[in-house]
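Note sheet for the following structure.
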Amino acid sequence: MLYLSDVRDWLKSFGNAEHYYIGKLDNKKDKSIGVYQNNARAPTKAIGQESTYEVKQISVLVHWNKNAKETEQTAFELYEKIRAVSSCDLGSTHVYFITLNHAEPIDVGTDDTGVYERVIEFNLYYEREV
């Protein structure tokens, strides 16, 4: 099984942020990355008992600072690091491959305090436990 905490811990290895969260960003500290389940659309996957993989849909919020350029650069750096991964292990689960859902991080503007945010959405195709 692949958990959001596994994805969070994996993203920590890229070393972009000062704070990492799953679920809710506590107090929305600057230079934070939040990891969420993305259920926007169902990806294509094999049907039936013979399927060897599952798909975990991920949405990453890059909540950075009040500088739009720095936020954009940080989000692109993380995006490129994710894109460079061909396969990996997250905890004890093997990820066969990753597909990014958009051509670049999505600009979602600022939060209530003026901190710029970007979103990166991707799917993890991982080995199913039998």
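Taken over the stretch 107-130, residues that are among the hydrophobic types (A, V, I, L, M, F, W, C) and within 19 Å of LEU4 (Cβ to Cβ) amount to 4. Scanning the stretch 87-117 for residues that are surrounded by 19 or more Cβ atoms within 10 Å (Cβ to Cβ) and not β-branched (Val, Ile, Thr) returns LEU90, PRO105, TYR116, GLU117. For the stretch 32-50, the candidate set comprises residues that are surrounded by 12 or more Cβ atoms within 10 Å (Cβ to Cβ) and modelled with pLDDT of 65 or more; within that set, the residue that is nearest to ASN101 (Cα to Cα) is ASN38.
In the stretch 18-29 there is at least one residue that is part of a loop (DSSP other than H, G, I, E, B), modelled with pLDDT under 90, closer than 18 Å to ILE120 by Cα and not hydrophobic (A, V, I, L, M, F, W, C).
Considering only strands (runs of 3 or more DSSP E) fully contained in the stretch 46-110, which possess at least 3 residues that are farther than 16 Å from GLU127 by Cα and not hydrophobic (A, V, I, L, M, F, W, C)?
Details: elements: 53-63, 88-90, 93-100, 106-110.
Correct list: 106-110.
Output the residues belonging to the stretch 111-130 that are in contact with an Asp or Glu (Cβ under 7 Å, 6 or more places away or on another chain) and more than 14 Å from VAL60 (Cβ to Cβ). I'd like the intermediate steps shown before the answer.
The first filter runs over the stretch 111-130 and keeps only residues in contact with an Asp or Glu (Cβ under 7 Å, 6 or more places away or on another chain), leaving 111, 115, 117-118, 126, 128.
The answer is ASP111, VAL115, TYR126, ARG128.
So is THR71 under 18 Å from the mean Cα position of the chain (by Cα), surrounded by fewer than 14 Cβ atoms within 10 Å (Cβ to Cβ) and at pLDDT 95 or above or not? No.
The selection criterion, being surrounded by 13 or more Cβ atoms within 10 Å (Cβ to Cβ) and out of contact with any helix residue (DSSP H, G or I) (no Cβ under 6 Å at 6 or more places or on another chain), does not hold for ILE120.
Matching residues to (1) free of Cβ contacts under 8 Å to residues at least 40 places away in the same chain; (2) under 14 Å from ILE33 (Cα atoms):
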{"site": "VAL62", "(1), (2)": "no, yes"}
{"site": "PHE76", "(1), (2)": "yes, yes"}
{"site": "ALA84", "(1), (2)": "yes, no"}
{"site": "HIS94", "(1), (2)": "yes, no"}
{"site": "ASP107", "(1), (2)": "yes, no"}
{"site": "GLY114", "(1), (2)": "no, no"}
{"site": "ARG128", "(1), (2)": "no, no"}
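The values are calculated or read from the model by the stated rules, or taken from the named source; none is laboratory data. Note that this is a predicted model, so its numbers are computed, not measured. Every residue, glycine among them, receives a Cβ derived from its backbone with ideal geometry; neighbour counts consider all protein chains shown.
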